[in-house]
Amino acid sequence: MTDKPEAERLDDRSSLTLSRREFVGFIGATLAASACGGLEQEQAPSAPLLAANPFSLGVASGDPLSTGVVLWTRLAPEPIAGGGMPDEPVPVIWEVSRQPDFYGIEAYGWAWADPDFAHSVHVDVDGLEPDTWYYYRFRVGAQWTSPTGRTRTFPRPGESPVRLRLATASCQNWRHGYYSAYRHLAAEEIDLVAFLGDYIYESGVQGPVRDHDGPRPKDLDGFRNRYGLYKSDPDLQAAHARCPWIFTWDDHEVKNNYADLDIPGVSVDEAKALRAAAYQAYYEHMPLRIPAPDEPADMQIYRRLQFGDLVNFHVLDGRQYRTDQPCNDDAGLACGEEKDEANTMLGAEQRAWLEGGLRASKTTWNAIVQQTVFASLNLGGGVLNPDQWDGYMVERQRLLSVFAEEGVRNVVVHTGDIHAAIFATLHRDANDFDSEVVGVECVTTSISSNGLSESRMPSDLIRRVMNNQKNIGYFDPDRRGYCVCEYTPEKFTVEYKSVSTVESREAELSVDGVFEIKRD
Ligand SMILES: [Fe+2]
């Protein structure tokens, strides 16, 4: 097989005739180149004196609604050594303003930072103006003030915004690199970041660029320290302070390729304890609008968020409810089990929730925010990564049939997981790339995690084969970066961006590919 020049290959792609959506193709190629506790208005109790800055992990916001957003911080003067806080609840004051100098406070209150939740604070602010940018900060006593974060509310359902700019990111292995990608992402004009999984990596101590804080976490303290390490990074903190994020997780927040309570070499009871520790630490470090978990081994994070009449975000959990990967989870030749009807990525309840949500959605676009690659990458059914949707073919086909229904509009799947940038068309018949296009998938490459070229896999061969598969518009496994997407009432655009290096905090940014699709 010969490798065609990039420009010619991309021209080929742009001339594809797609039955349902117009594929505009590659444009501008540069390949070379709730407040938990605390009552508003009531004066906060006095806080203990803290000898060191408790805001070492920065601030974050997430899960925006039209009148509210979740504000987050965690008090941790010693973030990789247990936090370093006294073993008592500490009152934290929060303030929201339209001005960066906080001249004019729009909302304020206080909340307990509870040692049971690692002195994290989740404030679910309500009563804000729709479609409005705000600044927020936290204070402990008169002594310590957090960095300032910037966040926004969504337009109301029924309002028709002219655009939404969304960045997607995933896979930020600390050991493999600096977050030079986040340094650039933090300067983007974006409304929202969707994080698609592998916020931490559980395994490995020493790395080619940076070292982990210690061996694989086995308990809650271990996971807290691991999040403390990752969230200490200044470029990650800057990206969080830039705008609100929405999150889902993938496997490395617990253990590589786990499925429900199936973790190789670990009993079900041990798996449950590990999952409870991992999930609780996840909750403690993310601005999620979910209740503080009583039973963290079972923590529902699939949920839906709506940006006016423009986009519905259906956020999925493809780990907690899935059946074990088929074919012994061995990547390679398919074994037939991938076609088993019992295989499920989502579990029956979540799948029904997704199908119902897609059918009921009235927005122009339906964005599915999830973990593993949805498009068929299985080379005519012969090769399999059983951890992806290729290992759950019957359930995928069922969802594609829903995407194809009259009334289900403009599906865009946002994916992370495999440390490669991919643009793919999704077809009514997953493996018939001449069948009707019923959606597109944008896979963002990793922020820092190694790609194929750092593995023993034949990177060049895989790139060539994938770029010749008809449903793949773009496949690049060798760059680290992120996507910037723009949703408008007329079209969806995705830019694939990458950094020149992750071996230092400073890097050049390039735009490697731009794809655009028009709405139905
Ligand atoms: Fe990853």
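Please work out which residue is surrounded by the fewest Cβ atoms within 10 Å (Cβ to Cβ), limiting yourself to region 480-506 and to residues that are out of contact with any Phe, Trp or Tyr (no Cβ under 8 Å at 6 or more places or on another chain) and among the aliphatic types (A, V, I, L, M). Among those that are out of contact with any Phe, Trp or Tyr (no Cβ under 8 Å at 6 or more places or on another chain) and among the aliphatic types (A, V, I, L, M), it is VAL484. Is it the case that region 451-462 has a residue that's surrounded by 23 or more Cβ atoms within 10 Å (Cβ to Cβ) and either in contact with a Lys or Arg (Cβ under 6 Å, 6 or more places away or on another chain) or in the same structural domain as ASN366 (by TED's automatic domain parsing) (or both)? No, region 451-462 contains no residue that is surrounded by 23 or more Cβ atoms within 10 Å (Cβ to Cβ) and either in contact with a Lys or Arg (Cβ under 6 Å, 6 or more places away or on another chain) or in the same structural domain as ASN366 (by TED's automatic domain parsing) (or both).
The conditions of being under 30 Å from ALA186 (Cα atoms) and either surrounded by fewer than 24 Cβ atoms within 10 Å (Cβ to Cβ) or out of contact with any Pro (no Cβ under 9 Å at 6 or more places or on another chain) (or both) are not met by ASN385. When GLN320, GLN306, GLN300 are checked against the criterion of being part of a loop (DSSP other than H, G, I, E, B) and within 30 Å of PRO161 (Cα to Cα), GLN300 stands alone in meeting it.
You will find that of ARG183, ARG175, ARG165, the residue that is surrounded by fewer than 18 Cβ atoms within 10 Å (Cβ to Cβ), on the phi < 0 side of the Ramachandran plot and either in the same structural domain as MET299 (by TED's automatic domain parsing) or not in a loop (DSSP other than H, G, I, E, B) (or both) is ARG165 and no other.
Would you check if there is a residue in region 261-272 being surrounded by fewer than 20 Cβ atoms within 10 Å (Cβ to Cβ), away from the ligand (no atom under 16 Å from the Cβ) and under 17 Å from the mean Cα position of the chain (by Cα)? No, region 261-272 contains no residue that is surrounded by fewer than 20 Cβ atoms within 10 Å (Cβ to Cβ), away from the ligand (no atom under 16 Å from the Cβ) and under 17 Å from the mean Cα position of the chain (by Cα).
Where strands (runs of 3 or more DSSP E) fall entirely within region 61-162, those with at least 3 residues that are farther than 30 Å from VAL311 by Cα are at 90-97, 105-113, 133-140. Across region 167-217, the qualifying residues are those that are away from the ligand (no atom under 16 Å from the Cβ) and of a type in the set (A, V, I, L, M), and the one among them that is farthest from ASP251 (Cα to Cα) is ALA187. Taking region 240-255 as the range and being within 16 Å of the ligand (Cβ to nearest atom) and either touching a Pro at 6+ places or on another chain (Cβ under 9 Å) or outside the structural domain of GLY318 (by TED's automatic domain parsing) (or both) as the test, the residues that pass are PHE247, LYS255. Checked against the criteria, TYR282 counts as of a type in the set (Phe, Trp, Tyr), within 16 Å of the ligand (Cβ to nearest atom) and within 30 Å of LEU164 (Cβ to Cβ).
Every residue in region 450-481 that is under 25 Å from VAL502 (Cα atoms), more than 23 Å from the chain's Cα centre (by Cα) and among the basic types (Lys, Arg), please. Scanning region 450-481 gives ARG456, ARG463, ARG464. The number of residues in region 418-460 that are within 15 Å of GLY473 (Cα to Cα), within 16 Å of the ligand (Cβ to nearest atom) and not in a loop (DSSP other than H, G, I, E, B) comes to 3.
Considering region 400-417, the residues that are crowded, with 21+ Cβ neighbours inside 10 Å and assigned to a loop (DSSP other than H, G, I, E, B) include one that is farthest from the ligand (Cβ to nearest atom), namely ASN410.
Return a yes/no flag: does region 325-333 have any residue that is within 16 Å of the ligand (Cβ to nearest atom), under 19 Å from ASN471 (Cα atoms) and surrounded by 23 or more Cβ atoms within 10 Å (Cβ to Cβ). The answer is no, given that none of the residues of region 325-333 is within 16 Å of the ligand (Cβ to nearest atom), under 19 Å from ASN471 (Cα atoms) and surrounded by 23 or more Cβ atoms within 10 Å (Cβ to Cβ).
The values are calculated or read from the model by the stated rules, or taken from the named source; none is laboratory data. All values derive from a computational prediction rather than experimental measurement. All Cβ positions, glycine included, derive from the backbone under ideal geometry; neighbour counts span all protein chains shown.
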